[in-house]
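Structure first, commentary second.
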Amino acid sequence: MKPSKAKPPKDGAFKDHFKNGMVSVEGSYKDGKKHGLWKYKLSNGQLQSKGKFTDDVISGKWIWYRKTGELWSTGSFKNGEKHGLWIRYHKNGNVHDEGRYDLGKKVGEWKTFNEDGTSLKTKKQR
């Protein structure tokens, strides 16, 4: 189900809805640009993701959730690029994989884990 495409304000709170009336997105604008905390939801009301924007650019820590509500992934952005530690999770909550980005490029060791938490593999990024 698609959001209704409400017209955003130049400044202040913004909220859009799915056709079923449930909130699809909420956040705020400053000088016509996304700014501060934004939350994106599924048509059933379940939180899908949340994080910040600074002057219309994705920034800071973001969190994504599965359709069932479990944590799916966490990561951060800097200047609109993936930056810092990123972690994805198995459905049982254990870490699936983790590694670092440096302004959009994978760097260092990236580790992958089995559902039971045991190490599966490690890959060194160049």
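The table below lists the values:
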{"read-out": "Prolate/oblate/rounded label for the range 70-126 (Cα gyration tensor, a/c 1.5)", "value": "oblate"}
{"read-out": "Net lengthening on full extension, K19/I87 (0.36 nm per residue, minus Cα-Cα)", "value": "21.2 nm"}
{"read-out": "3J(HN,Hα) from dihedral phi, the range 114-120, Karplus parametrisation 6.51/-1.76/1.60, rounded to Hz, x for glycine, proline", "value": "6, 4, 7, x, 6, 5, 9"}
{"read-out": "Calculated from backbone phi, Karplus (6.51, -1.76, 1.60) coupling profile of the range 69-80 in Hz, x at Gly/Pro", "value": "x, 6, 4, 10, 7, 9, x, 10, 10, 9, 6, x"}
{"read-out": "In sequence order, calculated HN-Hα J values of the range 42-50 (Karplus, 6.51, -1.76, 1.60; Hz; x Gly/Pro)", "value": "8, 5, 8, x, 5, 5, 9, 7, 8"}
{"read-out": "Structure-derived Cα extents along the principal axes in Å - corresponding label in (i) 61, 44, 22; (ii) 47, 31, 17; (iii) 133, 20, 9", "value": "(ii)"}
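Just so you know, all these numbers are worked out from the coordinates, no wet-lab data involved. Since this is a predicted model, take the numbers as computed values, not measurements.
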